[in-house]
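Right, one structure below, let's go through it.
The values are calculated or read from the model by the stated rules, or taken from the named source; none is laboratory data. Everything quoted here is computed from the prediction, not taken from an experiment. Methodologically, a virtual Cβ is constructed for each residue, glycine included, from the backbone with ideal geometry; neighbour enumeration extends over all protein chains shown.
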Amino acid sequence: WVFPIAYVPLWFNNRVRADTVNPTWKGPAIIGWAGMRGVVSLASALSVPLVLNNGQPFPHRDLILFITFIVILVTLVFQGLTLPWVIRLVNAREMDVELPEGQQEAGIQVHLKAVALARLNEKFVQDVEDNELVAMFKKGLENDMEEANQRLASLECDTMAVEEIHRYHHVLVDIYAEQRKKLFELRRDKAFSDEVIRKQELQIDLDETKISNE
């Protein structure tokens, strides 16, 4: 039944076919082989009454129980023990490889900043030339996009560069700690409003949360 469940909806529903990755025959084969078909069979066999309405013993009840236990033995023990061999035999691959959260966030940032830059170059060219704030915004986008691309490249690197990423995070955490100390001094000296300082502290917290989740 695993094969019809996997394929029949794809044949009759265009929406399901568009949203669903083709499972190939390997996924249903493994799921079917891993199916545990023992509990329901045993419950059904044990529900067979001992005697009939006329008081006679139920015919072949012991044989039914014996066959049921044999089925359970085969489907649970034999198929369970051979499941790793079946997986290796079909050479199954993971269909949906989910990227790490940090890599996904970096990729999204690249796309969003690219859209913003394209919009500025398409519709607000004159504003970039005449308005200093818009020009600074565009420059910030370009810098952020370059940083996001570098971050994305570092996340896609091999295991030899993992130590560099950890060291990079260590440097950032140390810098954030010093920035918090400076904000504390500014609050103590009343050089800036408390609301502005809280916003900067919140931004530091957000930046530190990003690297802690990677």
(message) Just the residues that are at pLDDT 85 or above and at positive phi, please, taken from region 18-72.
(response) His60
(request) For region 30-49, name all the residues that are under 24 Å from Leu83 (Cβ atoms) and in a loop (DSSP other than H, G, I, E, B). (result) Gly35, Met36, Arg37, Gly38
(message) Quick check on region 55-94: of everything there that is among the hydroxyl-bearing types (Ser, Thr, Tyr) and within 25 Å of Thr24 (Cβ to Cβ), which residue is surrounded by the fewest Cβ atoms within 10 Å (Cβ to Cβ)?
(response) Thr82
(message) Can you list residue pairs whose Cβ atoms sit under 6 Å apart, with the first residue in region 47-72 being closer than 27 Å to Trp33 by Cβ and touching a residue at least 12 places away in the same chain (Cβ under 8 Å) and the second being surrounded by 10 or more Cβ atoms within 10 Å (Cβ to Cβ) and among the polar types (S, T, N, Q)? Count only pairs 6 or more apart in sequence or on different chains.
(response) Thr68/Ser41; Val71/Ser41
